[in-house]
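The values are calculated or read from the model by the stated rules, or taken from the named source; none is laboratory data. Values in this document were obtained by computation on a predicted structure and should not be read as measured data. When we count neighbours, we look across all protein chains shown, and the Cβ atoms used for this are built from the backbone with ideal geometry, even at glycine. In case anyone asks, the SASA skips ligands and DNA or RNA and just uses the protein heavy atoms, side chains included. Shrake-Rupley method; radii C 1.70, N 1.55, O 1.52, S 1.80 Å.
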Amino acid sequence: MDSTSLEPSLYTVKAVFILDNDGNRLLSKYYDPELYPSMKEQKNFERNVFNKTHKADNEIAFLEGMTIVYKSSIDLFFYVVGSAQENELMLMSVLNCMFESLTHILRKNVERRCLLDNMEGVFLVVDEIIDGGVILESDPLQVLQKVNYRADENPLTEQSVAQHLTEKLALTTNVLQSAKEQIKWSILK
């Protein structure tokens, strides 16, 4: 067996996707560019995964050399995909964090229509949990805090998403300004 494939890596998650109860894609993010590079290959993989899992009571599946953890709710199926050597508990913690965060954002109404109505919040949640295949957060309360959502507020709106992006941009601008100042002073010394 190739020893390089067994080395630990931060790139834990290969893909995340949410399908409806007919197997249609509602959201998908593939983090490994070599894994199913075309849309057609991705959809074929998702269809195979759905066909294997939609009637099963398990929480884990192995298909096409991938470890897949999944969960269903009313008319949705949530999937997190990792390599065959990946730790199932790590993948499950990502899945649970995503599901619990979305449960709060969707006000415990985790079903297709509500998910589609709040898609911007869904993307924010996924992006706060995973960045480029690297797990950033597995605590749903931290994720909700980062996307600036509180259970007693209304669901995410365009204004709160814009506010979130504005805050991130301001933080980035401050970091860049600080870096410019440090470079300027180091050159002047």
What is the spin-label model distance, in nm, from Arg25 to Asp117 if the labels are put 7 Å beyond Cα along the C-beta direction?
-> 2.6
Expressed in nanometres to one decimal, the distance between label points 7 Å along Cα→Cβ at Thr103 and Leu176 is 4.0
Per residue, how much accessible area does the chain have with a 1.4 Å probe, in Å²?
-> 59
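In the structure shown, do any of Lys14/Lys108; Lys14/Lys52; Lys14/Lys43; Lys108/Lys146; Lys43/Lys146; Lys71/Lys146 have a Cα-Cα gap over 22 Å, and if so which?
Pairs exceeding the cut-off: Lys14/Lys108; Lys43/Lys146; Lys71/Lys146.
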Semi-axis lengths (Å, descending) of the ellipsoid that matches the C-alpha gyration tensor of the chain | 32, 24, 14
Antiparallel as a % of all DSSP beta bridges within the chain, to the nearest 5?
-> 100
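Would you mind counting up the charge near Gly23? Only other residues with Cβ under 12 Å from its Cβ, with Lys and Arg at +1 and Asp and Glu at -1. Please list the in-between numbers first.
Working: positive: Arg25, Lys43, Arg47, Lys52, Lys55; negative: Asp20, Asp22, Glu46, Asp75.
The answer is +1.
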Only Lys, Arg (+1) and Asp, Glu (-1) charged, at Cβ; the stretch 50-117 dipole about Cα centre in debye = 260
